[in-house]
Amino acid sequence: MPSESTAGRPADRRGEVGLRKLLESNRTFDPDTTALTQPLNTVTRDRWSPTPGPASPPPPTSPGNQQLVKRIGIAVGAVLAVGTAAYLADLALSTGEVARGVVVAGIDIGGMDQAEADALLHTELGPKAERPLPVRIGDVQASLVPATAGLSVDYDRTWDAVGSQPLNPVSRLISLFGTREVPVSSTVDAAALDAQLESFRVHDNPTVEGTVRFENGRPVAVAPVPGRVLDTEGARTTVIDRWAASSQLDLPVVAAPMAVRADAVQAAVREIATPAVASPIAVSGKDIAASLTPGQIADTLGFAPDGNGGLAPRFDNDAVIALLAPQLAKSEVEPKDATFTVGTGKPTVVPAVVGEKVDWPKTLEKLPALLTQPGPRTSPVVYQRIEPKLTTEAANALGVTETIGQFTTGGFSGPSGVNIRTVAAKVDGAVVKPGDTFSLNEFTGPRTAAEGYVESGIIDKGRPSTAVGGGISQFATTLYNAAYFAGMEDGGHTEHSYYISRYPAAREATVFDGAIDLAFRNTGTTGVYIQAIATGSDITVRLWGTKTVNVESVTGEKSKPTEPTEVVLPKGKDCIASEGAPGFTISDTRVITDAKSGAQVSRHTRTVKYDPIPIVKCE
C-alpha cells in the first residue's frame, strides 16, 4: 500500500495544472502592461484574423495563484489517499465473509463468515423442506410438503448466485445502505412435482356447460357456469421459484374452457328443442309403422356441444331402440342356418333363411334432422340383410348322407328326465363343419331355471347331491359315445368321480355348467349333423355324415379295488343315503380302422381310476 505522501504528489501536480488551465481559459496576458486583459473569445478572434500578428508569450503566473493551485492539489490527493486506504482496509477485513446486504430466502447472511452463513442456511432451509407449506388455489386452501413434492435446496448453486466479495468500490459503498436478495436454487424431481401438482387438480372447478333439458315435456335453458382450473405450468414455476422464501404460495389459476356460449343455449331452445316436441315422429317399416310421442322425444333427446360454441341434438339411441323395437319386431325376419331332417331315414337339407333386421344406426341417424321440420314428420326404417352362418348351398355340400356313430342310454325319470329332454332339444340339429370343434357348454350356454332346467341329482365332492341342471351328464355320456364311435377326435372330457353302472366303464363323461365340459373335433372332410332323440326314459344321439372309419372299443379288466368309507350326515334335503360301492381302475382302448381297406388308423388306451362310492347315512 503506497504511503499517503506518495499517493498525494501526482494529485498535487494534477490539481495545479487543472487550476492553471481554468484561469487561462478566462483571461489573456498583455505584454506591455503585464496585466490580465481581454477575454478569451477576443484572443480567439485575433488568432483567426486575416492579418496575423506577432505571437503572444505565455502569461506569467503570480505567486498567489501558484499557492492556491498547490493547496487544492494536496487536498484532492489526500482525499484519494484516504479513500484508497479505507477501500483496501475494508477489502482485507471482509475476506472470507459474505458480501454485505445479501439476503437469501429472507435470511440475512450479509457480512457473516461464509461457513457460519452456510450452516445458518442449512439450519433454516433444511427443515422447511419437510414442513407443510400452505398453498392457495383460487379460493381453496391446500398444502404441500416440499420434500415430498421433489424439492430441495441446491446449496452449491445458491452459493454460486451469492458470489464473492465485490471489488468495485462503488458496489461496496452501496452495500452499506441496501440489501441484495438472492433467490434459492432448487433441485427438482420432475415426476414427484408433477404428481403433486396433479393432486391439486381435484380443486379444479370445471366449467358447467350450458345445455337444454326438458321438464314435464317442456324445454328449459341451462345457462353455462364458468369454471377455473390450475395453471399447471405457472404453478410449477411458482413452486420452484418461491417455496423456500414464502410462508404461503398463491398458485395461478386460469379460466376453464367453455364449449357452449350462453346465447347458443337460448338459440337451441328456440330453434331446436321447442319444435322438437311440437308433434310426434313416425318411423315407417315394412307393412308397419312405429312412432315417438312428444313426451318420448323429450325423454330421449339431449344436447351436446357442437364444437363451434353451440349445441347439437343427441338422441339416447338405446332408449329410442327400446321404444321402437317392440313396434317394429313383426317387420323383422330372423336368420336361420340350414339344417337337416331325417324324416324318411335319410337326411335332407332344410333350407336356410336369410334374415332381415332393422339397421338401427342408419335408421336413427335420420331422426335429428326431423326435429325442426314443421308438420308431419316421418322417417323410413333401414333394414340390413343377415346371412345365415350355414347357407343351403353349404349344407348340401357337407356330405351328410348316413349314420357314422350313435349311442343310447336309459333308466332316467323325473327331474333328470326333464333336464335330459331339454338339453337334447337344444342340441338336436347342430352341425359341426369339417375342422370345427363342438363344445356342449358353449353350444347350450348357461343351463339355468330360466332355460327350463330343474333341480336334480349330481355328484358334489364325491357324494350325491342336487343342483339345477342335474342329470345332464347322462346326455353328455350318450353324446360322447356317439362321437367316440363316429371316429371324432376327443376335444376334452372328464369321467365321473365314481362309477355309475348304467354307463360303460372308462367310456363316459360328466359336465358341469361353466366348469367341466365335453368337446369333440370333426377331423374329417365332410360335415357332421347331430340328431338327439329323447323319450320318457332313454336318450339316443346319432351322428350323420359320410362314413370313412370303423371304430371298436376294447374294455379292460377291473383292478386295484378300493373299499368305501362311511359318512354320517344330518337328516335333511342335503343328505342322500347311499349303500356305497368299491372303487377300481379300468381301461378302454379305441381302435380305429379305415372303412374301405380295414387298415388300422389309430389305437388309443385311456385308463380311469374310479373312487369308491361312500356309504352315506342320514341320522
Kindly list the residues of the stretch 582-618 that lie in the label zone of residue 548, defined by a backbone N under 14 Å from the point 7 Å along the Cα-to-C-beta vector.
593-597, 601-602
Modelling each spin label as a point 7 Å along the Cα-to-Cβ direction, I'd like the residue 304/residue 555 distance in nm, to one decimal.
6.5
Separation of the residue 357 and residue 191 label points, Cα + 7 Å toward Cβ, nm
4.8
When you count, for each residue, the other Cβ atoms within 10 Å and take the mean per peptide, how do 70-76, 540-546, 550-556 rank with the highest first?
540-546, 70-76, 550-556
Listing 618, 575 from the residue with the fewest other Cβ atoms within 10 Å to the one with the most, what is the order?
618, 575
Ranked from fewest to most other Cβ atoms within 10 Å of their own Cβ, 334, 97 fall in the order 334, 97
Could you give me the radius of gyration and the Dmax of the stretch 263-393, taking only the C-alpha atoms into account and expressing both in angstrom?
20.6, 77
Quick check: from the Cα gyration tensor, does the stretch 380-422 come out rounded (a/c under 1.5), prolate or oblate?
oblate
Collect residues whose amide H, placed 1.01 Å from N in the peptide plane, falls under 5 Å from the amide H of residue 466; neighbours closer than 5 in sequence don't count.
458
Other-chain or far-sequence residues with amide H under 5 Å of residue 208's (modelled H)
225, 227
Whole-Hz Karplus couplings 3J(HN,Hα) for the stretch 429-436, θ = phi - 60° and coefficients 6.51, -1.76, 1.60, Gly and Pro as x, run x, 5, 10, 10, 6, x, x, 7
R0 of 41 Å, Cβ-Cβ distance residue 156-residue 205: FRET efficiency to nearest 0.05
0.50
Give me, ordered by chain and number, the residues 5 or more places off residue 455 or on other chains with an amide H under 5 Å from its own placed amide H.
469
The stretch 463-619 -> Rg/Rh from Cα coords, Kirkwood Rh, value 1.03
In straight Cα distance, which lysines are under 16 Å from residue 558, not counting same-chain residues fewer than 8 positions off?
609
Tell me which aspartates and glutamates have Cα within less than 14 Å of residue 571's Cα, excluding those fewer than 8 residues away on the same chain?
619
Residues 493, 203, 604, sorted so that the one with the fewest Cβ neighbours within 10 Å comes first
604, 203, 493
Note, ³J(HN,Hα) from phi for the stretch 366-380, Karplus 6.51, -1.76, 1.60, rounded to Hz, x at Gly and Pro
8, 5, x, 5, 7, 4, 9, 7, x, x, x, 10, 9, 10, x
As straight-line cross-link partners of residue 362, the qualifying lysines (C-alpha separation under 28 Å, not fewer than 8 residues apart within one chain) are 286, 330, 336, 389
Hz values of 3J(HN,Hα) by residue in the stretch 446-451 - Karplus curve (6.51, -1.76, 1.60), Gly and Pro given as x
x, 9, 10, 4, 5, 8
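Since every read-out is calculated from the coordinates, none of them should be taken as a lab result. None of these values were measured; they are calculated from a predicted model. Reconstructed Cβ throughout: ideal geometry from the backbone, glycine too, with neighbour counts over all protein chains shown.
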